[in-house]
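One structure below.
The values are calculated or read from the model by the stated rules, or taken from the named source; none is laboratory data. The shown structure was predicted, so the numbers you read here are calculated from the model rather than taken from an experiment. Because the Cβ atoms are built from the backbone with ideal geometry, glycine has one as well, and the counts that use them run over all protein chains shown.
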Amino acid sequence: MLTTLDFKKIGIKTAYSYIEKNPEKNMLKLMDWVDHFAGSGPDSFEEQRAIIRQIAANPDSNWHRLVMRILRDTDCEVVKTVFTNFFLNAVLTGWKTQEENRRKYQCNIPWTILLDPTSACNLHCTGCWAAEYGNKLNLSFDEMDNLITQGKELGIYFYIYTGGEPLVRKQDLIALCQKHHDCIFLSFTNGTLIDEAFAQDMLRVKNFIPAISVEGTQESHDARRGAGSYAKVLAAMQLLKAHRLPFGVSCCYTSQNVEILGSEAFYDQMIELGASFAWFFHYMPVGNDAVPQLMPTVQQREWMYHQVRQLRQTKPLFTMDFQNDGEYVGGCIAGGRRYLHINANGDADPCVFVHYSNANIRTHSLLDCLRSPLFLAYHHGQPFSKNHLRPCPMLENPEKLRAMVTAADAHSTDLQSPERVEHLCAKCDQYAADWKIAADKLWCESHRN
Amino acid sequence: MAHATKQLLANSLKKLLTKKTLDKITVTELAEDCKVNRQTFYYNFQDIYDLLDWTLEQERQQLLSSHTFGEDTLKNWDILLDYLKTNKTFILNTYHSLAHPLLEKTLKNDLRPLVEIAVSRYTAESPISETDKALVIKIYTLAFVGILREWLDNDLDENYDLDFKRLLPMLQRSLQFNIGQLSD
């Protein structure tokens, strides 16, 4: 973390003055400042900084338009906090510390931690376990506080809430934002609990960014989440926009809705509503009650692959398609390589979709969770394929997850109905075989290969 | 509601500061003292310094609202000195901690309006430019802060010979003289 003294030393006021006064004109000056701060050598993000510089210099690019839109439409104090906590603490400073600790402890050290404050949810959506599970499980404020405190010592300044509906615990989340005001927090949310008081709290703490779940159109959204829930999402977005608060959307694409979520019209609508980013998740057949038919077909996934790449060149929206973007992050990022998941029972899962574990934060330190057998198996096994379009040890390489879970003797941490790894992976075998053919072809054609 | 909780925590802080210095007080202790959770503390404040900052601001406003600060500079000054004497342990336990810059900031905020009153009185007779006025206010505010710091360094000892009775009229005459010189 940067102390007040560090801030003086690095001249943060100069950087802030560029953000405050005409950021469009001062973008390149700000990048000069960042370059000076980052230095050179490994883990200083030279390649990425060069790309940002190109964007800054080219007003016609969609990325330039995105950055300017964010700077123009976001509260200035929030921009400064996100700049400091995300870019300086989580990326430029934190990453180096993570790499040092990775070498020191010979295990994965993540860049971000996903955690479930609660299993409770205020909605009752079709096919979601949270509806049946209720609010039986919660991580206490002290447990989350302790986890973040341990995380910061390892260089982790970015925390993401999943669930359950995290905002059921919004008061505690704001308290964590205040206590750890050097960190950046993001929360997946159904958006229904974002009200005026919470918007005021977000403006006060400045380090909390919601990612609202959207299923596509009003029709597909309400069909899954209940009548009137799309209207609530729109109301939440309008409220955030009116308060100049940044937000994004989170979308799970399935065989039923992929054409909607990948469409240009959907992008345009999200941009219009004020979203800065859209995160796409491929439907995963996780859990005993999963519906494998909802997995996108090979053709649908291939279409999504091209669609996201094409729109990324033209639309002012920061998109990530986690299953198809492995090439930018070296394949699987789970198992603590860049992230891990802590559920509402305290179990340390390697991934938000892989519910097996040997460790729990109530009985193990964060570092010991990262050194537990299943996490070490990830550490030694990554990347699970040289083809980064087949990154996952479950979906595209199910034999790998079978082997790791068995060898590590990890137990199912599913809160509702424990699932055997064989049962889970069997649902992926055919998919993996089919996708391999398309993925290998795409990978051969990819310039990244 | 939020204000009531904040005030509750501020009262606890003031209470604990009569027993020990700020650096020895923990959030857990404060939360226990007013029977709230640690998360309630952190929902309202980033840390103890944040709470102290808020507490001092409340004290300042309380002082301003419960007294009439009039044209008599010496009387205004007495009100402030009385406050410091009455809250001696609280103030000293704050001063002798890492938080002393916060206390100095509050003193500066307390003193500036008093100086402004005095300056306005003399500039009514001898007008000066706004730039000069701002500078004069700044210099005399810092002079008063310096005097108080000297007294704080000597534990607000009432026997410490700062000779306020002579010092204040002296500063007042110097202020009047300077404004007269700056006026055309």
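Annotation note: Cβ proximity below 7 Å between a residue of the range B:17-37 that is assigned by TED's automatic domain parsing to the domain that holds B:ASP53 and a residue that is assigned to a loop (DSSP other than H, G, I, E, B) and not polar (S, T, N, Q) (sequence gap 6+ or interchain) occurs for B:THR21/B:HIS96; B:LEU22/B:ALA99; B:ASP23/B:LEU98.
B:ILE137 falls short of the stated requirement of being outside the structural domain of B:ARG60 (by TED's automatic domain parsing), surrounded by fewer than 17 Cβ atoms within 10 Å (Cβ to Cβ) and in a helix (DSSP H, G or I). Would you confirm, using the coordinates I've provided, whether A:GLY151 is part of a helix (DSSP H, G or I), away from every other protein chain (no Cβ under 14 Å) and in contact with a strand residue (DSSP E or B) (Cβ under 7 Å, 6 or more places away or on another chain)? So A:GLY151 fits the description; yes. Residue count for the range A:133-146, restricted to those that are more than 14 Å from chain B (Cβ to nearest Cβ), closer than 19 Å to A:ILE361 by Cα and either of a type in the set (D, E, K, R) or part of a helix (DSSP H, G or I) (or both): 1. Applying the condition of being assigned to a helix (DSSP H, G or I) and not hydrophobic (A, V, I, L, M, F, W, C) to the range A:154-185 and asking which residue is farthest from the other protein chains (Cβ to nearest Cβ) yields A:PRO166. Checking each residue in the range B:24-41 for being within 14 Å of chain A (Cβ to nearest Cβ) and surrounded by 14 or more Cβ atoms within 10 Å (Cβ to Cβ) picks out B:VAL27, B:LEU30, B:ALA31, B:VAL36, B:ASN37, B:ARG38, B:GLN39, B:THR40, B:PHE41. Do we have any residue at all in the range B:75-88 that's under 19 Å from B:ASN11 (Cα atoms), modelled with pLDDT of 90 or more and in contact with a helix residue (DSSP H, G or I) (Cβ under 7 Å, 6 or more places away or on another chain)? For the range B:75-88, residues under 19 Å from B:ASN11 (Cα atoms), modelled with pLDDT of 90 or more and in contact with a helix residue (DSSP H, G or I) (Cβ under 7 Å, 6 or more places away or on another chain): present. The residues on offer are B:LEU102, B:LEU16, and the sole one that is closer than 25 Å to B:GLU158 by Cα, within 14 Å of chain A (Cβ to nearest Cβ) and buried (at least 16 other Cβ atoms within 10 Å of the Cβ) is B:LEU102. Of the set (1) out of contact with any helix residue (DSSP H, G or I) (no Cβ under 8 Å at 6 or more places or on another chain); (2) within 14 Å of chain B (Cβ to nearest Cβ), all apply to A:ARG225 but (2). For the range A:186-208, the condition of being of a type in the set (Gly, Ala, Ser), more than 12 Å from chain B (Cβ to nearest Cβ), assigned to a loop (DSSP other than H, G, I, E, B) and in contact (Cβ under 8 Å) with a residue 60 or more places away in the chain holds for none of the residues.
Is one or more of the residues making up the range B:75-84 surrounded by fewer than 15 Cβ atoms within 10 Å (Cβ to Cβ) and within 14 Å of chain A (Cβ to nearest Cβ)? No: zero hits.
Looking only at the range A:222-235, decide whether some residue is in contact (Cβ under 8 Å) with a residue 60 or more places away in the chain, over 23 Å from A:ILE437 (Cα atoms) and crowded, with 22+ Cβ neighbours inside 10 Å. Among the residues of the range A:222-235, at least one is in contact (Cβ under 8 Å) with a residue 60 or more places away in the chain, over 23 Å from A:ILE437 (Cα atoms) and crowded, with 22+ Cβ neighbours inside 10 Å, which makes the answer yes. Residues in the range A:352-401 that are under 18 Å from A:GLN430 (Cβ atoms) and assigned to a helix (DSSP H, G or I): A:PRO398, A:GLU399, A:LYS400, A:LEU401. On the stretch given as the range A:236-253, residues that are assigned to a helix (DSSP H, G or I) and surrounded by fewer than 21 Cβ atoms within 10 Å (Cβ to Cβ) total 4. Consider B:ILE128 carefully, then state whether it is assigned by TED's automatic domain parsing to the domain that holds B:LEU156, outside any helix (DSSP H, G or I) and over 20 Å from B:SER12 (Cβ atoms). Criteria met by B:ILE128. A:CYS425: within 23 Å of A:PHE158 (Cα to Cα) and crowded, with 21+ Cβ neighbours inside 10 Å, yes or no? Judged against the criteria, A:CYS425 is not a match.
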